[in-house]
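Engineer: One structure, as structure tokens, below. Some questions next.
No value in this document is a laboratory result; all are computed from the given coordinates. For clarity, every value in this text was computed on a predicted model and none was experimentally measured. A quick note on method: Cβ atoms are made from the backbone with ideal geometry, for glycine too, and the neighbour counts reach across all protein chains shown.
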Amino acid sequence: MRVLIIGSLGGELGKAAQIATARGAQLDHADDIGSGLAHLRRNGRFNLVLCELGMPIAELVQGLLRERIAVPVVACGAEDDPDAAVRAVRDGAQDFLPLPPDPELIAAMLQAASGESHALIARDPAMLATIRGAEQVARSDASVLITGESGTGKEIMARHIHRRSRRANGPFIALNCAAIPEHLLESEMFGHEKGAFSGAVARRIGRFESAEGGTLLLDEVSEMDIRLQAKLLRAIQEREIDRLGGQSPVRVDVRILATSNRDLGTAVGSGRFREDLYFRLNVVGIEIPPLRDRPGDIAVLAAHYARHYAQTNGIQTHLLSDAALDRLSRHAWRGNVRELENVMHRAVLLADGPLIEPAHLGLAAAKTAEPASATTVDTRPAGDVAGFVGRRIEEVEQALILGTLHSTAGNRTHAATILGISIRALRNKLRDYASQGVAVPAPLAGLGNGVAA
């Protein structure tokens, strides 16, 4: 986890830097926006930028856009100046860190920005068998395609493979192909030379070169534009890349891991994904089963997240009652492990006694379907639908999206999974709503799971 701090380290921002270091972050420092951009060009491993509120944040954000650098910016300043915080967000900052700094808030921001999650935990035989298969191929340099529904833990599995590989001492660089806009993704992967496009004032090192000697994870690779897939294929085949605007190729030594929550075979058949790239990525395929197919993991994961979020929030750890465990075991878990994590986070905050009870979970009661009558058909709108009759489709869609986002405590990835749309599509909808003055639920903590509203 690498963080760039822009501003003076003499005051409260310096204390924030100390906290981030204590939480395991590697820090670089720049005194001003110009030198900060120079740091970002030279090193493609930065996960987060903390920028002092007095700095011209709009200039920083515009500079990042011009040079096609995708990294979240968090403004830092006194919490008694809310107007300045609002201006910073309007200028392009993804979040605001109030000073004096709160250690747990910084920890949440670091975790959200890095994409790192908790250790790989499993007790169910289906998941244990998947882990054994992954560890069997970890020592090789073969490309691995990790598939599974959203929220099953594909990136956690990728990090586990890296830790068990011969490249464990090298960098692990993750690139979310779904979260980065298409016009930035090529530069983010391969870097660029000075003058490659308007705004490219110096050479920029991309993720491939940053992962030299280690592992590069292409997260949600199925979302990559098909024109860029051809360049990715060449990079994997030839083990060399071409920076945008470059005159000669650059040799790279990286292992490629990729994830997808879509059926790439189907995407190949429909022409949305290159068949030759699919074969290059899928030298070894690992499919992670959904949480509903590994019920033996529910209790152990729930207990783990209860301990983790109690520690994170500085409160006493709560145990799960038998009734709560039973309720968890009967839930459908459409959002998989990520949904379970959010449920336990909320339960830890709501529990007011030594036990977490079903009421603290915030899960709707399981419904039992009644057999339909063979002779009569009820044409009346159901209770949940009646309120939408007579309204425009756009209004119903907005209500559904915002209601789902409220139910996931602002988790964009989980909400997109429940809605059955891509993260990019959800992000675009939320930006449209915000531009219309509609209140969009903020993420529960940190940077909104890597997706700006």
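Engineer: With a cut-off of 13 Å, note down the residues of segment 226-249 whose backbone N falls inside the zone around a label point 7 Å from the Cα of residue 276 toward its beta carbon.
Structural biologist: 229-238
Engineer: Which FRET efficiency value, to the nearest 0.05, do you get for residue 21 and residue 315 by plugging their Cβ-Cβ distance into 1/(1 + (r/R0)^6) with R0 = 25 Å?
Structural biologist: With a Förster radius of 25 Å, E is 0.50.
Engineer: Same structure again: Based on the Cα atoms of segment 2-114, what semi-axes does the equivalent ellipsoid have, where each is the square root of 5 times one gyration tensor eigenvalue, given in whole Å with the largest first?
Structural biologist: Its equivalent ellipsoid spans semi-axes of 19, 17, 12 Å.
Engineer: Calculate the spin-label point distance for residue 58 paired with residue 322, positioning each point 7 Å from the Cα along the beta-carbon direction, and give it in nanometres.
Structural biologist: 6.3
Engineer: Kindly provide log₁₀ I(q)/I(0) values, in the same order as q = 0.17, 0.21 Å⁻¹, from the Debye equation applied to equal alpha-carbon scatterers of segment 217-374.
Structural biologist: -0.94, -1.21
Engineer: Just from its helices, what would the mean residue ellipticity at 222 nm be for the chain, if runs of 4 or more DSSP H residues each count -39500 (n - 2.57) and the sum is divided by every residue, rounded to the nearest 500 deg cm²/dmol?
Structural biologist: Roughly -13000 deg cm²/dmol at 222 nm, from the helical runs in the chain.
Engineer: Find how much the distance from residue 364 to residue 428 grows on full extension, using 0.36 nm per residue of separation minus their present alpha carbon separation; answer in nm with one decimal.
Structural biologist: Length gained between residue 364 and residue 428: 20.2 nm.
Engineer: Taking 8 Å as the Cα distance limit and 6 or more residues as the minimum spacing, I'd like the relative contact order of segment 125-289 as a percentage.
Structural biologist: Across segment 125-289, relative contact order equals 34 percent.
Engineer: How high is the relative contact order of segment 252-376? Use alpha-carbon pairs under 8 Å, at least six apart in sequence, and give a whole percent.
Structural biologist: 21
Engineer: Sorting check: for 236-243, 35-42, which peptide has the highest mean count of neighbouring beta carbons within 10 Å, and how do the rest follow?
Structural biologist: 35-42, 236-243
Engineer: Mind checking the full-extension length gain between residue 239 and residue 87? Use 0.36 nm per residue of separation minus the Cα-Cα distance, one decimal, nm.
Structural biologist: Additional length available on full extension: 50.3 nm.
Engineer: Something else about it: List the trypsin sites (Lys or Arg not before Pro) within segment 149-231 that fall in a DSSP loop (any state other than H, G, I, E or B) and whose Cβ has at most 14 other Cβ atoms within 10 Å.
Structural biologist: Filter output for segment 149-231: 166, 194.
Engineer: Relative contact order (percent) for the chain, with alpha-carbon contacts under 8 angstrom and 6 or more residues of separation?
Structural biologist: Computed over the chain, the figure is 15 percent.
Engineer: Could you pull out which residues in segment 301-339 have an amide N less than 14 Å from a spot 7 Å beyond the Cα of residue 129, following the Cα-Cβ vector?
Structural biologist: none
Engineer: Another question about this same structure. Give me 273, 208, 197 ranked fewest to most by other Cβ atoms within 10 Å of their Cβ, as a rough exposure proxy.
Structural biologist: The most exposed by this proxy come first: 197, 273, 208.
Engineer: Rounded to the nearest 5, what % of DSSP beta bridges with both residues in the chain are antiparallel?
Structural biologist: If we restrict to bridges inside the chain, about 5 percent are antiparallel.
Engineer: How long are the semi-axes of the ellipsoid equivalent to segment 292-361, from square roots of 5 times the Cα gyration tensor eigenvalues, in whole Å, largest first?
Structural biologist: So the three semi-axes of segment 292-361 are 19, 13, 10 Å.
Engineer: Across the Cα atoms of the chain, what radius of gyration and what greatest pairwise Cα-Cα distance (Dmax) are found, in Å?
Structural biologist: Final numbers for Rg and Dmax: 23.0, 78 Å.
Engineer: Could you give the dipole magnitude of the chain about its Cα centre, charging the beta-carbon of Lys and Arg +1 and that of Asp and Glu -1, in debye to the nearest 20?
Structural biologist: Roughly 1200 debye, rounded to the nearest 20.
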